[in-house]
Amino acid sequence: MSRTKTEGTSSFEPTSARSVASSKNNSDSRAYGSAGTVWIGRAAFLVCLGALAAAWQPFGLARWTAAVAGFVVALALVIVEMRLRKAEIRTVAGGALGGLAGIAAALLVALIVSRTSESDSTKSFLELGSLLAFGYIGLFLGAAKGIEISLISRQQMGGVAALDSHADSLPKLLDTSVLIDGRIADICEAHFLDGPLQVPRFVLHELQQIADSSDTLRRQRGRRGLEVLQRMQKMPHVKVEVLGEDGLPDGEVDRSLVELARKTGAKIVTNDFNLNKVAGLQGVAVLNVNQLANALRPAVLPGEAMRVFILREGKEANQGVAYLEDGTMVVVDGARRFTNRNVDITVTSVHQTPAGKMIFGRLDERADLSPAASRHAAAGRGETLS
């Protein structure tokens, strides 16, 4: 879905885009200042630990050897700290609990080994080896199971209802296609979406690129998406956030959106069929606006009677095609000669396709399909028949 910018910045610049740009600059300046302070602290830690090792010379090491060893240990700790910064709190908590459980298991093994008649070297190896082994297993297994531990604790404290309310409040990531479509704003006005709605920065950037396109249709679609986003931001009951997350280096918006959803546990709101399939295969929850629209269409059962307006000829012989008010296609056998007329039909079958429902029917033999009756029905619709 990545696109290149083909012309200069358009004169159309929504208020939301300007506010996003200004807030981004402020947050970037604060982030740069905070990052500078962190790196100064890390450098001081490296120097201090190296100086302490050089001054005390542990394990009988020479002064410069001890200084290098202390610097290497400090560097390893800084790398671990940087990795932990990117981890979720549930992962860190799970790893800490797992590490403590592993140390406790290692202490039990050491207690048993100390009562054996093995040599001191064998005992030392078993004790230290069990400490490393159980500590390693507990740390990484606890980090991997941290999310499950969190869910279990929520169930114990609040029950299944609390877990369901947490799932309802999960953030929803908005795709470019759903903003251009515009129906998401009507859904929000009807209070059918809960939890914060989030627009990643790479999605907003793609939307602006479409709005700046040289193609008239694409430019209108992009501007419509920005207007829909601005309309949603003005709704008092809807929380709309613009995330400062950068996309993947290859610029693929769909992949970046799926990776961000996997990282944060958010759901994706889209009407893109392919994105829906890809996200589902990777275990990401998707709210598809098209599926919602199909589910809200009135149910039609075989044998029901309805009156439709035959708009055009069908693909097969003697078929006529009509459409319901919600856009559902109705294929009527034997209705080709009644094009541009209202006819009564009986539903024979209903088929669900990826694009929506299709209704098949046949002419109702009891209906009055004379030309005079058809002209009367068409006149009631304000239409003229040749």
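Miscellaneous remarks
- Meets criteria (surrounded by fewer than 11 Cβ atoms within 10 Å (Cβ to Cβ) and without any contact (Cβ under 8 Å) to a residue 24 or more places away in the chain) for G70: no
- Yes/no for A55 being at pLDDT 80 or above, outside any loop (DSSP other than H, G, I, E, B) and open to solvent by less than 40 Å² (accessible area, probe 1.4 Å): no
- On inspection, G283 does not qualify as in contact (Cβ under 8 Å) with a residue 24 or more places away in the chain, outside any strand (DSSP E or B) and exposed (fewer than 12 other Cβ atoms within 10 Å of the Cβ).
- All told, A110 meets the bar of being touching an Asp or Glu at 6+ places or on another chain (Cβ under 9 Å) and open to solvent by less than 50 Å² (accessible area, probe 1.4 Å).
- Selection status of N294, over 25 Å from P196 (Cβ atoms), touching a residue at least 12 places away in the same chain (Cβ under 8 Å), surrounded by 15 or more Cβ atoms within 10 Å (Cβ to Cβ) and not hydrophobic (A, V, I, L, M, F, W, C): yes
- Reported count of residues in region 77-126, each being hydrophobic (A, V, I, L, M, F, W, C) and farther than 30 Å from L260 by Cβ, is 15.
- The set of residues in region 77-123 that are among the polar types (S, T, N, Q) and in a helix (DSSP H, G or I) comprises T91, S114, S121, T122.
- Within region 207-230, considering residues that are in contact with a Gly (Cβ under 9 Å, 6 or more places away or on another chain) and not hydrophobic (A, V, I, L, M, F, W, C), the one most open to solvent (accessible area, probe 1.4 Å): R224
- Verdict on R297 being part of a helix (DSSP H, G or I) and not aliphatic (A, V, I, L, M): no
The values are calculated or read from the model by the stated rules, or taken from the named source; none is laboratory data. Here the structure is a predicted model, which means the values were calculated and not measured. Backbone-built Cβ (ideal geometry, glycine too); neighbour counts: all protein chains shown. Calculation scope for accessible area: heavy atoms of the full protein, side chains included, ligands and nucleic acids excluded. Shrake-Rupley method; radii C 1.70, N 1.55, O 1.52, S 1.80 Å.
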